[in-house]
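What follows is a set of notes on a single structure, which appears directly below.
The values are calculated or read from the model by the stated rules, or taken from the named source; none is laboratory data. Being a predicted model, the structure only gives us computed values, none of them experimental. Note that each Cβ is placed from the backbone with ideal geometry, even for glycine, and that neighbours are counted across all protein chains shown. Side chains are part of the model used for accessible areas, which takes the heavy atoms of the whole protein and leaves out ligands, DNA and RNA. Shrake-Rupley method; radii C 1.70, N 1.55, O 1.52, S 1.80 Å.
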Amino acid sequence: MIQLDEKTYFYLLFIIPVMIVLFVLFQIWKKRAQRKFSDPTLLKRLTPERSTFKATLKLILLLLGITFMTLALVNPKMGTKLETVKREGLDIVFAVDVSKSMLAEDIAPNRLDKAKRLVSEIINQLASDRIGIIAYAGQAFPQLPLTTDYGAAKMFLQNMNTDMLSSQGTAIDQAVNLATNYYDDGETNRVLFIISDGEDHSEGDITRSVDEATKENIRIFTVGVGTAKGGPIPLKRNGVVESFLRDREGEVVITRMNEQTLRDIANDGNGEYISGENTEQAVSFIRDQLNRIDKTEFEAKQFAEFKDQFQWFLGAALLFLFLDIFVLDRKTKWLKKLNLFNENEQ
């Protein structure tokens, strides 16, 4: 397991393409200036010890030195020991709707991005709870098993999109059924968040699914994203709207949030319905609700004893910079004899 202390130093790597461009431009200028000064054949005779390869080698060494120096500033740390620790918290699963209707922009920037932001902000409020993620549309698919690695959870969350599931539609019952089997067998307090616009096209019995979940000691909270007025579903290419989703009759589909469905699920699931329109208010309400639920103890594995690794990168950087100083523009005698780069040709 690796941790990075100062990720902002990665911006220093932008120096590398700038230096490469400047080097290429300088070489072009130098060749043009040499042609004005003398004939290329005569110039080779006047400067027989000049190496055409050494300049590129010096640049490579310098760029390697900058790269490793940047990594040293970032200061990677490596976990050297995996420990099992006792923690207290909840088992929380987020079921995120990734159907096409979540592309509607009746709530900025669109429903799916709003849903991902809400989940990310909720995760920021957690301390020692285990979290899992489910994506669902016409079917439900597990994205992340229960874990205390919030960084990994956010990475999986940001990669979710409406193209990840081939089966379209919205089957909330499938998400609830999957979540019912998602938790460990331990006696932990379990919470399921359904983040959706409330449209449900499934043929299953959502009430039965919710009842089965409550029997497994799962409390279901629903978070609504979207508006009752609704909006069309844009079809984009490279971020530009080309058209809108149409039905079989050629009419533009208008998708509206079904708040009542979400309220009914929350009521049957011993939870609460939360409007996701105002992110700050929604997250604050959810934090208060979670704080009221008793925490239970569970075991979790995590890396410990993280040790600094910057010294290896610093050493490599100094080595490359040291070599760059001692690489001269003249040909090296023993390399000249080998003629690896055809530099002896006249």
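Observations on the model:
- Asp5 vs. criteria open to solvent by 50 Å² or more (accessible area, probe 1.4 Å), closer than 30 Å to Asp308 by Cβ and modelled with pLDDT under 90: yes
- Phe53 vs. criteria open to solvent by 50 Å² or more (accessible area, probe 1.4 Å) and either over 34 Å from the mean Cα position of the chain (by Cα) or modelled with pLDDT of 90 or more (or both): yes
- Residues that are open to solvent by 80 Å² or more (accessible area, probe 1.4 Å) and either closer than 13 Å to Val225 by Cα or outside any helix (DSSP H, G or I) (or both), drawn from the stretch 264-281: Asn270, Glu277
- Number of the condition not met by Phe94 [criteria: (1) open to solvent by 20 Å² or more (accessible area, probe 1.4 Å); (2) within 27 Å of Gly231 (Cα to Cα); (3) under 19 Å from the mean Cα position of the chain (by Cα)]: (1)
- Any hit, the stretch 166-184, residues being more than 11 Å from Ala95 (Cα to Cα), of a type in the set (D, E, K, R), surrounded by fewer than 19 Cβ atoms within 10 Å (Cβ to Cβ) and out of contact with any Leu (no Cβ under 7 Å at 6 or more places or on another chain): no
- Selection of the stretch 185-212 for residues being in contact with an Asp or Glu (Cβ under 9 Å, 6 or more places away or on another chain), open to solvent by less than 10 Å² (accessible area, probe 1.4 Å) and of a type in the set (A, V, I, L, M, F, W, C) yields Val191, Ile194, Ile195, Val210.
- Boolean, Ile254 is touching a Ser or Thr at 6+ places or on another chain (Cβ under 8 Å), at pLDDT below 95 and either within 19 Å of Ala171 (Cα to Cα) or surrounded by fewer than 19 Cβ atoms within 10 Å (Cβ to Cβ) (or both): no
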